[in-house]
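Beneath this line is the structure, given in structure tokens, with notes to follow.
The values are calculated or read from the model by the stated rules, or taken from the named source; none is laboratory data. Please read all numbers here as calculations on a predicted model, not as lab measurements. As a convention, Cβ positions derive from the backbone with ideal geometry for all residues, glycine included, and neighbour counts pool all protein chains shown.
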Amino acid sequence: MSVLVFCEVLDGKLKKASREALSIGRALAAAAGGDLVAFATDAAGADDAGRYGAKRLYVAKSGGYNTETYTAAMQAAISQSAATIVLLGGTSNGRDLAPRLAARLNAGVASDVDRLEWTGSALRARRPVYSGKVFAAVDITGSPAIATTRINAFPAEESGGGAAEIVEISTSSDSKTKVVETKVSAADEMSIAEADIIVTGGRGLKEGANFSLIRDLAHAIGGAVGASRATVDAGWIDHQHQVGQTGRVVGPNLYIAAGVSGAIQHLAGMSSSKHIVAINKDPEAPIFRIADLGVVGDLFTILPALTEEVKKAKAN
Amino acid sequence: MNSVVCIAQVPDTETRIKIGGDGRHIDENGIKYIVSPFDEYALEEAIRLKEKEGGDVTVLGFGPDRVQQALRESLARGATKALHIKGESGDADSLGIAKVLAAAIKSVPHDLVFFGKQGVGTDNSLVGPMVAELLGYPQINVVTHLEVAGGKVTGHREIEGAEEIIEASSPAVITAQKGMNEPRYASLKGIMAAKKIAIDSKSITDLGLHDSDILNQRVTVVSLELPPEKSGGRKIDGTDPAAAAKEIVRYLKEEVKAL
Ligand SMILES: Cc1cc2nc3c(=O)[nH]c(=O)nc-3n(C[C@H](O)[C@H](O)[C@H](O)COP(=O)(O)OP(=O)(O)OC[C@H]3O[C@@H](n4cnc5c(N)ncnc54)[C@H](O)[C@@H]3O)c2cc1C
Ligand SMILES: Nc1ncnc2c1ncn2[C@@H]1O[C@H](COP(=O)(O)O)[C@@H](O)[C@H]1O
């Protein structure tokens, strides 16, 4: 048996989501008594995969992400590695692939899990449901048991291993879909999905142009820009930035919210953040109920002062 | 141009969720149910295609009797047919639901099959791609913009930091993301017209499936648990911005270790 982790390579390195999935995969392999192995479509991932404990890296030269060709390739890797547990980091591609693969293999899958353990007979996962208003413990039985891991939920820890042994697998290139173009967002637009720090603006910003206050702080602190739905609906910012029940559910190390009231649908999307700072002029704003540090005041004066102070701290 | 739109009925997003007596399901008492928000974008897109090219929009829901309400609302917005598959969807895992929906979809003429990118509540994002696999269709997932022409469908798929433009042959599965369109509200005329449309209701056995194929399969809920109540931390006065900024940075350095 083995634990197989779907890995994505970007500029020769494994994505954070893949490294996190490998780290928890290693613990599961140890508990279940098997090997940790990995899958990628780029052999450049072998160093990183080994560093996070994978013995072998199954490489399919499938090119860029395509649901159908990747499903076929993963199916081959699962069969060759006799994988009984399959993990995928919760990126867009991981979450696109997991259900397709599960249906092909008639297998159980749990998505967006933030805890995983091997019970001896099942893969037990914890998943936030109702956007984190409830946690569900679920057992995935049958083989393989598949899960996508929530980004930032499992710490990425190296195991000190050498490069993974590369095993090439041949696969089919049949697909009914074709990527005709990829439009990359502005280079400095970090995605909120993988960010350790998110700075979010709400309707308290008064107008779209004032998002510059949020961007400046995000830039200074090295974080991504988040937004409440009110600001997205007002057209101030693209919905890729929306945090909440109908946006992205995020769990960064630090979440700073300015001018956000803290509606239940917003809180649902960010309350699992490890540290929360809220800036709001209304001392009764619901966001303060979950903030670790609440600042009652005017964001128009506090944000610029904070950006300056952060820059100073970084310069030291 | 015929479309099927799969409609999940979910608790209103305002709901304060309580855990039911068995510890494995939520307490349904007093819950107001709505059409899952992402399914509204899916439905709107299908209605717009129908308005342009003709054909039918069939809304499909699997679940207990209350699901008919969600289908009724969807008819009022402009769907032309509704199919309700009766059953305890709450005891099925996603693949079980997908098997039911796939079997039902086969019984309805279609070029495109629409889903929400995620059922709000279950937060699985599984059923759409599973149905695509079961039917052998291509999928375009998390779509913010759709074009249909000459037997081909082109969708803009949202991924981290980028957008992919993907072309697929039809029939295809599309899962809708916010931004795809602005869903309309039901008009009075629509509500009246919807009352005249009969909702077709079938059981799982009518589809040639058995309860045992669907219920308590690979993924079972062991228990539900509420997250620990966050107590709220310290509040400081921000009247002096410079002092507040200094205190925030101290917190970020010493407690968060983020600087
Ligand atoms: C089905 C559904 C799904 C939803 N999904 C989401 C979702 O995913 N994400 C989401 O965010 N919302 C969602 N919402 C919307 C949600 O209910 C709220 O309407 C929204 O979050 C409010 O955004 P806001 O906090 O920016 O605006 P508001 O609620 O208007 O709050 C603005 C805040 O700014 C403060 N403020 C004003 N001026 C200043 C100043 N100068 N300095 C400091 N503070 C100031 C005010 O005190 C206030 O608290 C959803 C709603 C529904 C019905
Ligand atoms: N019981 C159901 N009946 C009809 N459609 C459903 C059902 N459950 C899920 N769906 C569809 O599948 C999508 C994704 O749901 P989920 O995989 O649960 O996140 C939803 O947005 C619906 O379009």
Qualifying residue in segment B:55-70 (condition: away from ligand 1 (no atom under 16 Å from the Cβ), among the small types (Gly, Ala, Ser) and surrounded by 24 or more Cβ atoms within 10 Å (Cβ to Cβ))
yes
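Collect the residues in segment A:195-231 that are of a type in the set (Gly, Ala, Ser), in a helix (DSSP H, G or I), touching a residue at least 40 places away in the same chain (Cβ under 8 Å) and in contact with a Gly (Cβ under 8 Å, 6 or more places away or on another chain), keeping them in residue-number order. First the steps, then the outcome.
Narrowing segment A:195-231 to residues of a type in the set (Gly, Ala, Ser): A:195, A:201-202, A:204, A:208-209, A:212, A:218, A:220, A:222-224, A:226-228, A:230.
Narrowing further to those that are in a helix (DSSP H, G or I): A:204, A:208-209, A:212, A:218, A:220, A:230.
Remaining after also requiring touching a residue at least 40 places away in the same chain (Cβ under 8 Å): A:204, A:220.
Once the filter is applied, which keeps residues that are of a type in the set (Gly, Ala, Ser), in a helix (DSSP H, G or I), touching a residue at least 40 places away in the same chain (Cβ under 8 Å) and in contact with a Gly (Cβ under 8 Å, 6 or more places away or on another chain), segment A:195-231 yields only A:GLY204.
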Within segment A:256-282, of all residues that are over 16 Å from A:GLY132 (Cα atoms) and in contact (Cβ under 8 Å) with a residue 40 or more places away in the chain, the one surrounded by the fewest Cβ atoms within 10 Å (Cβ to Cβ) is A:LYS281
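Okay, residues lined up against (1) farther than 22 Å from A:THR41 by Cα; (2) surrounded by 14 or more Cβ atoms within 10 Å (Cβ to Cβ):
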{"residue": "A:GLY142", "(1), (2)": "yes, yes"}
{"residue": "A:GLY160", "(1), (2)": "yes, no"}
{"residue": "A:ASP174", "(1), (2)": "no, no"}
{"residue": "A:LYS178", "(1), (2)": "no, yes"}
{"residue": "A:THR182", "(1), (2)": "no, yes"}
With the first residue restricted to segment B:94-105 and required to be at negative phi and among the basic types (Lys, Arg), and the second required to be outside any helix (DSSP H, G or I) and more than 10 Å from ligand 2 (Cβ to nearest atom), Cβ contacts under 8 Å at 6 or more apart or on different chains are B:LYS99/B:LEU209
Evaluate the following for B:GLU51: is it at negative phi, buried (at least 23 other Cβ atoms within 10 Å of the Cβ) and modelled with pLDDT of 95 or more?
no
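Which residue, of B:ALA162, B:ALA242, B:ALA168, is exposed (fewer than 15 other Cβ atoms within 10 Å of the Cβ), within 7 Å of chain A (Cβ to nearest Cβ) and free of Cβ contacts under 8 Å to residues at least 40 places away in the same chain? Reasoning before the result, please.
On the way: B:ALA162 fails: exposed (fewer than 15 other Cβ atoms within 10 Å of the Cβ); B:ALA168 fails: exposed (fewer than 15 other Cβ atoms within 10 Å of the Cβ).
Answer to the selection: B:ALA242.
Give the number of residues within segment A:115-132 that are assigned to a loop (DSSP other than H, G, I, E, B) and more than 19 Å from A:LEU88 (Cα to Cα).
Within segment A:115-132, the first condition is being assigned to a loop (DSSP other than H, G, I, E, B), and the residues that meet it are A:119-122.
With more than 19 Å from A:LEU88 (Cα to Cα) added as a condition, the list becomes A:119-121.
Number satisfying all stated conditions: 3.
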If only one of B:VAL113, B:VAL100 is within 14 Å of chain A (Cβ to nearest Cβ) and more than 23 Å from A:VAL129 (Cβ to Cβ), which one is it?
B:VAL113
Pick from segment A:240-253, criterion buried (at least 24 other Cβ atoms within 10 Å of the Cβ) and more than 12 Å from ligand 1 (Cβ to nearest atom), ranking: farthest from the chain's Cα centre (by Cα)
A:GLN240
Quick one: which strands (runs of 3 or more DSSP E) sit completely within segment A:49-114 and have at least 3 residues that are touching a strand residue (DSSP E or B) at 6+ places or on another chain (Cβ under 6 Å) and touching a residue at least 60 places away in the same chain (Cβ under 8 Å)?
A:56-60, A:83-89
Are any of the residues in segment A:133-150 hydroxyl-bearing (Ser, Thr, Tyr), in a loop (DSSP other than H, G, I, E, B) and in contact with a Phe, Trp or Tyr (Cβ under 9 Å, 6 or more places away or on another chain)?
no
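Just name the residue that is nearest to B:VAL221 (Cα to Cα) out of those in segment B:1-46 that are among the acidic types (Asp, Glu) and away from ligand 1 (no atom under 11 Å from the Cβ).
B:ASP22
Could you go through segment A:160-180 and let me know if any residue there is assigned to a loop (DSSP other than H, G, I, E, B), out of contact with any helix residue (DSSP H, G or I) (no Cβ under 9 Å at 6 or more places or on another chain) and at the interface with chain B (Cβ under 10 Å from one of its Cβ atoms).
The initial filter retains those residues of segment A:160-180 that are assigned to a loop (DSSP other than H, G, I, E, B), namely A:160-164, A:170-176.
Subsequent filtering for residues that are out of contact with any helix residue (DSSP H, G or I) (no Cβ under 9 Å at 6 or more places or on another chain) retains none.
Looking through segment A:160-180, none of the residues is assigned to a loop (DSSP other than H, G, I, E, B), out of contact with any helix residue (DSSP H, G or I) (no Cβ under 9 Å at 6 or more places or on another chain) and at the interface with chain B (Cβ under 10 Å from one of its Cβ atoms).
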Filter segment B:194-239 for residues that are of a type in the set (Lys, Arg) and either touching a Ser or Thr at 6+ places or on another chain (Cβ under 7 Å) or surrounded by 14 or more Cβ atoms within 10 Å (Cβ to Cβ) (or both) and give the result.
B:LYS202, B:ARG218, B:LYS230, B:LYS235
Inspect all residues belonging to segment A:261-276 and state whether any of them is within 13 Å of ligand 1 (Cβ to nearest atom), within 25 Å of B:PRO228 (Cα to Cα), in contact with a His (Cβ under 8 Å, 6 or more places away or on another chain) and not acidic (Asp, Glu).
no
